[in-house]
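This report refers to the structure that appears directly beneath it.
The values are calculated or read from the model by the stated rules, or taken from the named source; none is laboratory data. Everything numeric here is computed off the predicted structure, so don't read it as measured data. Positions of Cβ are generated from backbone atoms using ideal geometry, with glycine treated the same way; all protein chains shown enter the neighbour counts.
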C-alpha cells in the first residue's frame, strides 16, 4: 500500500502527485470565491439607490439602458439585475445561498439606512400635479398640471411595475373625447357624459374616493368590449377584465397590482363582495397575513376606480348603489356590428388622440376645480365637482354632467328600493296604513312585514330573521326610503320592556290636512270656527297606547281635537300641531318633574317626547294627551348636567 508521499511518488511518479496538488488548490480557490459571492453582490448593488416605503417595504431604484427603474428588493426584476451584474464581472452565476444572503443585507440597508419614498402604481398626485405611468420600456411618465400635460423621460416620483401591466401609447394632442363614441355603446348623450366623467375621475391620481361604474345590458350589447375600452385608455392589462374575486385577499392583491378593478360578467354580488367594493371605492384597508408568518400582516389601504358589468343589475345594495354610476347599454343591431379585428385596429389607431383629449380634461379640471360650486352636493360630491370642472374640455353644455348625474342617482334610488325586499314590503305596508306616522317595536314591525309578505311565497334569501337583522336592513335602506319620502328614525328603547323601536314618518304631507276638512275647519258666515261642535258631535279618532297603558309607546291612530287639549296657539296652528304630534316619538326618562309657566308652577310628569312641529319641540305629559312646547317649559334639576329651574332651555343639554 501507499503510506505517504514517498510511496506515492515511487508508485505513480511526480507528474501524478503534482496534478493532485493543483486540483486541490483549484478547489480551495473556488471555495474561497463561493464564500465571497454574497459580498460581491452587495458591492455590485452600490450602484442602486436603496430606499423603503412608509410601510417598510424595501426598494431599489436602478439605472438600466439609459433610464431609471424601480423594483422591490424581493422581486424577480431586482434579482435579475444583480445576476446580470455578477455575471458580467465574474463570468459565472452566484449560488442561491449567496443571493439570499446578499438580499438580506440589502434589505436591512434599505429599511434602516435608506430614505423613505412613496411608491405608486400607474397614477399618483405629487406637489399639485398628477402623474401617469405609461409603463413603456423607457419608463416614461405623463405630468398633468393646470397648465396642460407633457411627457417626461425621468419621473420625479417612484412608480412600480407589476406582472400583467401593459404600456399606454404616447398621447397625442388635438384629439377629442367625442371620438370615443365610436367605440362604446351607450344609450344617449347623458350616458356618454357620465362615462366620460368616470374616465376623467379614474385619471385623478391621489383622489380620496372613486365612483363605481356598473355597465348592464342584454347579451350582445358590448358590455365586456366597453369595459375593455375604458380600461385600455387608463390602465391596460393582460387581464383587462376578470371574474369576481374569491375572497378579500384576492381583491386586495388585484388592487395592489393594478389601478382599475374591472370585474366581468357578474350575475350577483355576495354581501362581503359588495361591502369590500364599497371600501375600495371610498377608502378602507384590507389586511391579510403574510405568507409563512403567524403575526405579520400585509396591509393594503388605498382607493381604486371600479368597473363592473353584467346582464343583471349587480349593484343592488344601497351602500354600493350610492357609489355607483349605472349605464344600461342598448342593443346593437346587426348592421352596426363590426368584426372584432377591425374594431380593435381602429381603436388602437385612435387611442393616442383619445388619451390626449382625456388628459386635456384632467388639466381643465385641475384648473377649474377651486372655482366650481355645486348647488347640490350629491353622494360622491368630489366626483361630481371634479367632472363638472372638466366640462369646458369635454365640449359639453354647462351643468350637463351634474344634471345627468342627478338623474342617474334618482334612477339608482328606485333600483335600490326595488332590490330591497324589506323596503318594498314596508312601502306596501305603510301605504295600506294610510301613510300615517307609525312608532313600532322592531319585533312588532318584523311580524307585520312577515304578514305583509305573506305565507304563500318563499322569503328572499336576505330577508331578516331577527330584530337585529331587521335593524340592519332598515339602516341600509333608510337613505333610499328617505329619498322616496319616508323617514325612519331610531329613538331610545321602549320604556319598561327595553325593546328597540323605529319611527316611520311620511316626509311629504300627502295626507289630507285636518284644517282642509270641511267638517273640522269650515267657518260659518260670521267667521266662527265650529271646532267645539266637532269635538262634541263628531266621533274623532283618539290616541291610544299599543298595549292600552299610557306609559307604553303611543301610536298614532288619530287625535281628538278640543281646545282644552292642545297648546294655546292659534286655531290653525293647533290643528297642524295635533296632526303632527306623533311624527316622531323618542324615549325620555319617566317621572321627570317639569313646570309649565301657565299652570302656576304645578308639577307635571314627562311621559314622552312628541318631536318637532313647525320647528318647535313638544313633550307629552302624564294624565293628558296634550303636548307642551319645549320652549315654554322650565326644568328643575333631575340629573347631572340638566339646567336649573328658570334657566333657558337648551334641549341638546338635557339628559333624559
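Give segment 144-156 a look and list any residue that's free of Cβ contacts under 8 Å to residues at least 40 places away in the same chain and assigned to a loop (DSSP other than H, G, I, E, B), or say none. Please lay out each step first, then the result.
Residues of segment 144-156 free of Cβ contacts under 8 Å to residues at least 40 places away in the same chain: 150-152, 156.
Selection gives 156 alone.
In segment 409-442, what residues are touching a helix residue (DSSP H, G or I) at 6+ places or on another chain (Cβ under 6 Å) and either in a strand (DSSP E or B) or more than 30 Å from residue 492 (Cβ to Cβ) (or both)?
412 - this is the single residue of segment 409-442 that is touching a helix residue (DSSP H, G or I) at 6+ places or on another chain (Cβ under 6 Å) and either in a strand (DSSP E or B) or more than 30 Å from residue 492 (Cβ to Cβ) (or both).
List the number of the failed condition for residue 465; all other conditions in (1) part of a loop (DSSP other than H, G, I, E, B); (2) modelled with pLDDT of 85 or more; (3) under 11 Å from residue 422 (Cβ atoms) hold.
Result: residue 465 fails condition (3) only.
Based on this model, can you work out whether residue 196 counts as within 26 Å of residue 396 (Cα to Cα) and within 22 Å of the chain's Cα centre (by Cα)?
Criteria met by residue 196.
From the residues in segment 148-166 that are closer than 30 Å to residue 396 by Cα and within 31 Å of the chain's Cα centre (by Cα), which one is surrounded by the most Cβ atoms within 10 Å (Cβ to Cβ)?
149
Just wondering, is there one or more residues in segment 357-366 that are assigned by TED's automatic domain parsing to the domain that holds residue 222 and either at pLDDT below 95 or surrounded by fewer than 21 Cβ atoms within 10 Å (Cβ to Cβ) (or both)?
Yes, some residue in segment 357-366 is assigned by TED's automatic domain parsing to the domain that holds residue 222 and either at pLDDT below 95 or surrounded by fewer than 21 Cβ atoms within 10 Å (Cβ to Cβ) (or both).
Tell me, yes or no, whether segment 47-63 has at least one residue that is closer than 23 Å to residue 158 by Cα and without any contact (Cβ under 8 Å) to a residue 12 or more places away in the chain.
No: segment 47-63 contains no residue that is closer than 23 Å to residue 158 by Cα and without any contact (Cβ under 8 Å) to a residue 12 or more places away in the chain.
Condition first: touching a helix residue (DSSP H, G or I) at 6+ places or on another chain (Cβ under 8 Å) and within 22 Å of residue 360 (Cα to Cα). Can you find one or more residues in segment 104-120 that meet it?
Scanning segment 104-120 turns up no residue that is touching a helix residue (DSSP H, G or I) at 6+ places or on another chain (Cβ under 8 Å) and within 22 Å of residue 360 (Cα to Cα).
With the condition kept exactly as written, say whether any residue in segment 157-168 is in contact with a helix residue (DSSP H, G or I) (Cβ under 9 Å, 6 or more places away or on another chain), modelled with pLDDT of 95 or more and in a loop (DSSP other than H, G, I, E, B).
Yes - at least one qualifying residue is present in segment 157-168.
Given the options 130, 172, name the one that is in contact with a helix residue (DSSP H, G or I) (Cβ under 8 Å, 6 or more places away or on another chain), surrounded by 13 or more Cβ atoms within 10 Å (Cβ to Cβ), not in a loop (DSSP other than H, G, I, E, B) and not assigned by TED's automatic domain parsing to the domain that holds residue 239.
Details: 172 fails: not in a loop (DSSP other than H, G, I, E, B).
Of 130, 172, the one residue that is in contact with a helix residue (DSSP H, G or I) (Cβ under 8 Å, 6 or more places away or on another chain), surrounded by 13 or more Cβ atoms within 10 Å (Cβ to Cβ), not in a loop (DSSP other than H, G, I, E, B) and not assigned by TED's automatic domain parsing to the domain that holds residue 239 is 130.
Could you tell me whether segment 230-249 includes any residue that is under 20 Å from the mean Cα position of the chain (by Cα), at pLDDT below 90 and within 26 Å of residue 136 (Cβ to Cβ)?
no
Does segment 355-370 include one or more residues that are in contact (Cβ under 8 Å) with a residue 12 or more places away in the chain, touching a helix residue (DSSP H, G or I) at 6+ places or on another chain (Cβ under 8 Å) and in a loop (DSSP other than H, G, I, E, B)?
Looking through segment 355-370, none of the residues is in contact (Cβ under 8 Å) with a residue 12 or more places away in the chain, touching a helix residue (DSSP H, G or I) at 6+ places or on another chain (Cβ under 8 Å) and in a loop (DSSP other than H, G, I, E, B).
Output the residue which, of all residues in segment 255-276 that are over 18 Å from residue 204 (Cα atoms) and in contact with a helix residue (DSSP H, G or I) (Cβ under 6 Å, 6 or more places away or on another chain), is modelled with the highest pLDDT.
264
Criterion first (free of Cβ contacts under 8 Å to residues at least 24 places away in the same chain and out of contact with any strand residue (DSSP E or B) (no Cβ under 7 Å at 6 or more places or on another chain)) does residue 181 satisfy it?
Numbers: free of Cβ contacts under 8 Å to residues at least 24 places away in the same chain: yes; out of contact with any strand residue (DSSP E or B) (no Cβ under 7 Å at 6 or more places or on another chain): yes.
Against the criterion (free of Cβ contacts under 8 Å to residues at least 24 places away in the same chain and out of contact with any strand residue (DSSP E or B) (no Cβ under 7 Å at 6 or more places or on another chain)), residue 181 qualifies.
Filter segment 316-344 down to residues that are assigned to a loop (DSSP other than H, G, I, E, B) and either touching a strand residue (DSSP E or B) at 6+ places or on another chain (Cβ under 9 Å) or not assigned by TED's automatic domain parsing to the domain that holds residue 188 (or both) and give me whichever is farthest from residue 417 (Cα to Cα).
329
Is it true that residue 262 is outside any loop (DSSP other than H, G, I, E, B) and either in contact (Cβ under 8 Å) with a residue 60 or more places away in the chain or in contact with a strand residue (DSSP E or B) (Cβ under 9 Å, 6 or more places away or on another chain) (or both)?
Judged against the criteria, residue 262 is a match.
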